[in-house]
Amino acid sequence: MFLRIMFVVFLLPFFILSLSYAQSGQKIAVLYFTDRSGFDNGSGCGWFSLGPLNSLFGTGHSREKWDLSSGFRDLLNESLKSSGYDLIEPSYVDQVIKESGKNNISELANKLGADIVIIGDITKFEQHRTRVSSQGPTRAGTGGEYGMNMNFMGGLAGYYYTSTVKAKFAIYDNSGSEIDSGEVVSKKDLQDFYIGIGPLSKNYKGGDSANPKEQKESQTPIVDYKKLDAMKFGTDEFKNKTLFGLATMDVINQMVTNISNFVEPIYQPNVLGKIIYVGDGKYLKENEVYIDLGASDGLVIGHKFGVYLEGIVLTDPDTGKELGKSPDKKVGVIKVTKIEADHLSIAEIIEGLGQVSKGNLIKAE
């Protein structure tokens with residue numbers, strides 16, 4: 001018994017310490033990102049630089065320079081702010097770093113008045129293009145709901161694009177102690193093929209086959225290096241319409257989710273909703289759910305909701321008169337991990353795995 005009591009006493013400080021981080025109202029400072037990706041800012045989006053020979057080969061076009069270090073920090077600040085976190089202004093962070101240097105995390109945190117500080121490393125930022133071709137008669141299956149098997153006399157050719165973004169992050173408290181660290185990665189693919197039928201050809205874009213009537217050029221992520229080179233990093237067009245941007249924002253959202261394990265948003269909307277889908281490993285992981293609340297309901301990544309089995313209506317057995325309702329029974333807790341639409345989000349089941357069901361009520365914690 002004595003040993004059991006001593007073991008509990010030993011663990012208690014660590015339990016209290018972990019709880020102390022998961023609280024709202026803490027000020028966050030994103031200090032800096034270091035670009036270790038080797039991405040060639042001078043030549044463009046993954047294309048080799050030929051130096052002064054660029055103009056001879058037609059590759060000397062003007063371009064927007066992508067500063068990944070400041071760009072990633074700006075995107076993380078934007079995502080954290082939109083997720084309801086209390087952030088210290090980047091301009092003030094820059095001023096304090098200029099005065100004090102980057103070495104002493106505790107000193108920086110205290111000068112900034114930050115409870116939590118974050119630093120990051122960009123370790124991979126690249127886009128590859130692979131040529132795919134097949135000569136002579138070709139049999140291909142388009143797949144998807146509207147797919148079919150087809151034979152072509154002219155073969156199949158095109159490109160396969162892959163954008164990969166990888167970054168490391170570390171979270172510190174104001175004493176300079178590391179709370180958490182990790183690595184996040186995202187890989188996005190695009191197939192861009194054309195099919196030759198004699199002298200004719202047909203463009204096919206987008207990977208998995210979709211209804212041709214619904215497939216639009218605007219839905220295909222931008223991969224062309226000239227279009228990318230003319231684009232500024234971090235714009236809405238970059239984030240939402242480029243393969244690079246989709247991978248980058250996936251990495252940023254993963255970071256926000258990790259941060260939400262230790263710091264809660266400063267506000268929580270008082271809204272009610274329902275579980276509309278429980279993951280079965282096919283469309284969502286088994287510990288994930290879809291809920292009918294989203295951006296228009298004030299939801300942000302990190303918000304927590306209690307999950308309840310709705311009480312039953314109680315009636316008089318003789319008259320059938322409605323007398324009231326039994327209390328809702330709490331069966332779990334979920335945390336929002338991704339905002340999909342105005343009234344749609346993905347959440348992780350953090351309590352009650354196996355007890356949460358479609359149709360359950362959700363209420364703000």
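The values are calculated or read from the model by the stated rules, or taken from the named source; none is laboratory data. All of these numbers come straight from a predicted model, not from anything done at the bench. Glycine gets a Cβ as well: all are built from the backbone with ideal geometry, and neighbour counts include every protein chain shown.
Might you check whether a residue that is in a strand (DSSP E or B), at pLDDT 95 or above and surrounded by 16 or more Cβ atoms within 10 Å (Cβ to Cβ) occurs anywhere in segment 243-251? Among the residues of segment 243-251, not one is in a strand (DSSP E or B), at pLDDT 95 or above and surrounded by 16 or more Cβ atoms within 10 Å (Cβ to Cβ), which makes the answer no. If you go through segment 301-320 and keep only what is surrounded by 16 or more Cβ atoms within 10 Å (Cβ to Cβ), touching a Ser or Thr at 6+ places or on another chain (Cβ under 7 Å) and hydrophobic (A, V, I, L, M, F, W, C), you end up with just Ile301.
Within segment 80-119, the set of residues being free of Cβ contacts under 8 Å to residues at least 60 places away in the same chain and among the β-branched types (Val, Ile, Thr) comprises just one member, Val96.
Of the residues Lys304, Lys274, Lys226, the single one that is within 30 Å of Phe125 (Cβ to Cβ) and of a type in the set (Lys, Arg) is Lys226. Strands (runs of 3 or more DSSP E) fully within segment 48-159 that include at least 2 residues being touching a Lys or Arg at 6+ places or on another chain (Cβ under 6 Å) and at pLDDT 85 or above: 116-134.
Residues Gly279, Gly298: which one is at positive phi, surrounded by 14 or more Cβ atoms within 10 Å (Cβ to Cβ) and not assigned by TED's automatic domain parsing to the domain that holds Leu80? Spell out the reasoning first.
Numbers: Gly279 fails: at positive phi.
Step by step, each of Gly279, Gly298 is checked, and only Gly298 is at positive phi, surrounded by 14 or more Cβ atoms within 10 Å (Cβ to Cβ) and not assigned by TED's automatic domain parsing to the domain that holds Leu80.
Among the candidates Gln254, Gln268, the residue that is touching a residue at least 60 places away in the same chain (Cβ under 8 Å), assigned to a loop (DSSP other than H, G, I, E, B) and within 30 Å of Asp173 (Cβ to Cβ) is uniquely Gln268.
Restricting attention to segment 315-365, the residues that are assigned to a strand (DSSP E or B), more than 16 Å from Tyr277 (Cα to Cα), touching a residue at least 12 places away in the same chain (Cβ under 8 Å) and of a type in the set (D, E, K, R) total 5.
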